[in-house]
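Q: Would you mind keeping the following structure in view while I ask a few things?
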Amino acid sequence: DQQVKQNSPSLSVQEGRISILNCDYTNSMFDYFLWYKKYPAEGPTFLISISSIKDKNEDGRFTVFLNKSAKHLSLHIVPSQPGDSAVYFCAASWNFGNEKLTFGTGTRLTIIP
Amino acid sequence: DAGVIQSPRHEVTEMGQEVTLRCKPISGHNSLFWYRQTMMRGLELLIYFNNNVPIDDSGMPEDRFSAKMPNASFSTLKIQPSEPRDSAVYFCASSWSGRITGELFFGEGSRLTVL
């Protein structure tokens, strides 16, 4: 039972354009969401997070949007750069700050120069 | 500052053999996690420890899998006997439970291939 779903296994975007990665969740108890980025042969690294009391969080070129009613979040990268090519994992937890994270299956983002 | 250290980075073994994966968390972190990455299921939590005590092992697939954390700086994940379906990348991650952000720090992973 996949509680966190990333339905697009891959995405290709032109350099300089906006990349939008999507994530859906089924467990209404989730109240904290994170995005991790993973390069080949490396471990995932934390990118950005958002709590359920917000609907948007921004950090430089990265913005995460949360739509609680739709149980949907998205990561926007503007403008996309070649170094953004990686696998992006969406993760969720409950009881804000609980360390037990449930991850999605990941989306491989390729930025085309 | 050293990150999470995992060994071996790659392991190729034959079905039925015992496999032991090792992890050294970041100094000062008191929570440790073992995840498994597969194409079909993404990153699955197998087990996590807090202050060296197993808190949740509901993700451990079956009795062939076991994990220990004898002290704050070392953990092992053992598979005995190994099967081809255990082939995956196994990640160890650590954190400090006092953090409010819930961010985990991952090692580089151990890629296991069971023939």
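The values are calculated or read from the model by the stated rules, or taken from the named source; none is laboratory data. What you see is a predicted model, and the numbers here were worked out from it, not measured in a lab. Please note: Cβ atoms are built from the backbone with ideal geometry, for glycine as well, and neighbour counts cover all protein chains shown. The area values use the complete protein model at the heavy-atom level, side chains included, leaving out ligands, DNA and RNA. Shrake-Rupley method; radii C 1.70, N 1.55, O 1.52, S 1.80 Å.
Q: Select, from B:GLN6, B:GLN37, B:GLN17, the only residue that is of a type outside the set (Ser, Thr, Tyr), in a strand (DSSP E or B) and open to solvent by 40 Å² or more (accessible area, probe 1.4 Å).
A: Working: B:GLN6 fails: open to solvent by 40 Å² or more (accessible area, probe 1.4 Å); B:GLN17 fails: in a strand (DSSP E or B).
Matching residue, one of B:GLN6, B:GLN37, B:GLN17: B:GLN37.
Q: Oh, and also: Condition first: in a loop (DSSP other than H, G, I, E, B), open to solvent by 10 Å² or more (accessible area, probe 1.4 Å) and either modelled with pLDDT of 95 or more or closer than 20 Å to B:SER94 by Cα (or both). Now tell me which residues in segment A:83-105 satisfy that. Reasoning before the result, please.
A: As a first pass, look at segment A:83-105 and keep what is in a loop (DSSP other than H, G, I, E, B): A:85, A:95-101, A:104-105.
Still in the running and open to solvent by 10 Å² or more (accessible area, probe 1.4 Å): A:85, A:95-100, A:105.
Answer for segment A:83-105, where residues must be in a loop (DSSP other than H, G, I, E, B), open to solvent by 10 Å² or more (accessible area, probe 1.4 Å) and either modelled with pLDDT of 95 or more or closer than 20 Å to B:SER94 by Cα (or both): A:SER85, A:ASN95, A:PHE96, A:GLY97, A:ASN98, A:GLU99, A:LYS100.
Q: May I ask you to list pairs of residues, at least six apart or on different chains, whose Cβ atoms are under 7 Å apart, with the first in segment B:49-61 being polar (S, T, N, Q) and the second being surrounded by 15 or more Cβ atoms within 10 Å (Cβ to Cβ)?
A: B:ASN50/B:ASN30; B:ASN50/B:SER31; B:ASN51/B:ASN30; B:ASN52/B:MET69; B:ASN52/B:ALA72
Q: Considering each of B:PHE105, B:PHE74 in turn, give the residue that is away from chain A (no Cβ under 14 Å) and open to solvent by 10 Å² or more (accessible area, probe 1.4 Å).
A: Only one candidate passes the filter, namely B:PHE74.
Q: Hey, another quick one. I'd like the full set of residues that are touching a residue at least 40 places away in the same chain (Cβ under 8 Å), more than 7 Å from chain B (Cβ to nearest Cβ) and surrounded by 15 or more Cβ atoms within 10 Å (Cβ to Cβ), limited to segment A:35-51.
A: Within segment A:35-51, A:TRP35, A:TYR36, A:LYS37, A:LYS38, A:LEU47, A:SER51 meet the criteria.
Q: Take the residues in segment A:18-30 that are over 16 Å from A:ALA86 (Cβ atoms) and surrounded by 18 or more Cβ atoms within 10 Å (Cβ to Cβ), then tell me which one is farthest from the chain's Cα centre (by Cα).
A: Residue satisfying both the conditions and the ranking: A:PHE30.
Q: Another question, then. Just one of the numbered conditions (1) surrounded by 20 or more Cβ atoms within 10 Å (Cβ to Cβ); (2) within 11 Å of the chain's Cα centre (by Cα) is not true of B:SER31; which one?
A: In the conditions (1) surrounded by 20 or more Cβ atoms within 10 Å (Cβ to Cβ); (2) within 11 Å of the chain's Cα centre (by Cα), B:SER31 misses (2) alone.
Q: Okay, moving on. Can you tell me how many residues within segment A:58-82 are part of a strand (DSSP E or B), of a type in the set (S, T, N, Q) and buried (at least 16 other Cβ atoms within 10 Å of the Cβ)?
A: Residues of segment A:58-82 that are part of a strand (DSSP E or B), as a first pass: A:58-59, A:62-67, A:72-77.
With the extra rule that they be of a type in the set (S, T, N, Q), the set shrinks to A:63, A:67, A:74.
From what's left, buried (at least 16 other Cβ atoms within 10 Å of the Cβ): A:63, A:74.
Of the residues in segment A:58-82, 2 are part of a strand (DSSP E or B), of a type in the set (S, T, N, Q) and buried (at least 16 other Cβ atoms within 10 Å of the Cβ).
Q: Checking the structure you have, find out if any residue of segment A:97-109 is touching a residue at least 24 places away in the same chain (Cβ under 8 Å) and away from chain B (no Cβ under 11 Å). First the steps, then the outcome.
A: Keep residues of segment A:97-109 that are touching a residue at least 24 places away in the same chain (Cβ under 8 Å), which gives A:97-98, A:101-109.
From what's left, away from chain B (no Cβ under 11 Å): A:109.
Looking through segment A:97-109, at least one residue is touching a residue at least 24 places away in the same chain (Cβ under 8 Å) and away from chain B (no Cβ under 11 Å).
Q: Here is a follow-up. Can you name the residue in segment B:88-102 that is touching a Gly at 6+ places or on another chain (Cβ under 6 Å), surrounded by 20 or more Cβ atoms within 10 Å (Cβ to Cβ) and within 8 Å of chain A (Cβ to nearest Cβ) and, of all such residues, is modelled with the lowest pLDDT?
A: For segment B:88-102, the residue satisfying everything is B:GLY102.
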